[in-house]
Each structure stands twice: as structure tokens, then as C-alpha cells.
Amino acid sequence: MKYTADMEKAMQGSHHMGYADYCRKLENRLRVERKRQEEYNKCKHIVADLDSNIHR
């Protein structure tokens, strides 16, 4: 996959590091991926709550 300037900008905005820093250290990758997983889980819970409220 080709890494674009928009992807770099998003990485800087979300995680305060560039793609090169992300790739360079395993610690950085683990921190970013942990944060992504937490955000994903949080969104899943929000959607589940909304679905349960809609179907009442």
C-alpha cells in the first residue's frame, strides 16, 4: 500500500507521530494499535446502546 500525505497528516493528528516513527519502534506500534482497539470497542458499545434504544 502506498502511504500518502493525507495518511501522514491523519497519523500526526491522531497519534502525534509520523508513519516513520510508527514503523521504527515496536513500542510505538503497540501504543497506536492499543488506542485504535480501545476506540473501536468504545464505538461498538455506543452503537449497541443506540440500537437497543431504537428497538424499544
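The values are calculated or read from the model by the stated rules, or taken from the named source; none is laboratory data. Quick caveat, the model's predicted, so the values are computed rather than measured. FYI the Cβ positions are ideal-geometry reconstructions off the backbone, even for glycines, and counts take in every protein chain you see.
Quick rundown of the values:
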{"read-out": "Check on ALA10, small (Gly, Ala, Ser) and either more than 14 Å from the chain's Cα centre (by Cα) or on the phi > 0 side of the Ramachandran plot (or both)", "value": "no"}
{"read-out": "Scan of the stretch 1-11 for residues that are of a type in the set (Gly, Ala, Ser) and either closer than 13 Å to ARG36 by Cα or surrounded by 12 or more Cβ atoms within 10 Å (Cβ to Cβ) (or both), ordered by number", "value": "ALA10"}
{"read-out": "Neighbours by Cβ (under 6 Å, 6+ apart or cross-chain): first from the stretch 16-42, touching a residue at least 24 places away in the same chain (Cβ under 8 Å); second part of a helix (DSSP H, G or I) and not small (Gly, Ala, Ser)", "value": "none"}
{"read-out": "Residue, surrounded by the fewest Cβ atoms within 10 Å (Cβ to Cβ), within the stretch 12-50, restricted to residues that are of a type in the set (Ser, Thr, Tyr) and either in contact with a Lys or Arg (Cβ under 7 Å, 6 or more places away or on another chain) or at pLDDT below 95 (or both)", "value": "SER14"}
